[in-house]
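I have placed the structure first, in the form of structure tokens, so that the comments after it can refer back to it.
The values are calculated or read from the model by the stated rules, or taken from the named source; none is laboratory data. Just so it is clear, the structure is predicted and the values come from calculations on it, not from any experiment. With ideal geometry, Cβ positions are generated from the backbone for all residues, glycine too; neighbour counts draw on all protein chains shown. Accessible surface is based on the protein model in full, side chains and every heavy atom, while ligands, DNA and RNA are left aside. Shrake-Rupley method; radii C 1.70, N 1.55, O 1.52, S 1.80 Å.
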Amino acid sequence: RDESFGPVVGIMKVSSDEEAIALMNDSEFGLTASLWTKDLDRAARVGDQVETGTVFMNRADYLDPGLCWTGCKNTGRGGGLSVIGFHNLTRPKSYHMKKVTS
């Protein structure tokens, strides 16, 4: 139940994608999921339901600097890499000013 940082591989036999999704989501953490399949549509469908910030298909060894690497739940809500990672390190400030004329 503790958040581990890899490489860690949990392997468990399941009877359906629904069971796998339920087991993957039964965690207070949600950094990354790695789905292994030949079916792109299936990976996208499962990936949409898995509560993680990052989903890999047939890999877990690459971060693309154009894509944000992020988590959810108690993993965190920030993001690394990409322009989103930059925005997480900055704080914008808005000025709304109206010039008063006499």
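Data overview
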quantity	calculated
Test: residue in the stretch 68-85 that is of a type outside the set (Gly, Ala, Ser), part of a loop (DSSP other than H, G, I, E, B), loosely packed, with under 15 Cβ neighbours inside 10 Å and at pLDDT 80 or above	yes
Checking ALA33 against (1) of a type outside the set (Asp, Glu); (2) without any contact (Cβ under 8 Å) to a residue 40 or more places away in the chain; (3) part of a loop (DSSP other than H, G, I, E, B), the condition it does not meet	(3)
Odd one out for PRO65 among (1) modelled with pLDDT under 90; (2) under 13 Å from the mean Cα position of the chain (by Cα); (3) not acidic (Asp, Glu)	(2)
Top-ranked residue in the stretch 18-27 [being open to solvent by 40 Å² or more (accessible area, probe 1.4 Å) and modelled with pLDDT of 90 or more; ranked as nearest to the chain's Cα centre (by Cα)]	MET24
Out of ALA43, ALA20, ALA60, sole residue that is of a type in the set (Gly, Ala, Ser) and not in a helix (DSSP H, G or I)	ALA60
Test result for GLU51, surrounded by 12 or more Cβ atoms within 10 Å (Cβ to Cβ), without any contact (Cβ under 8 Å) to a residue 12 or more places away in the chain and not basic (Lys, Arg)	no
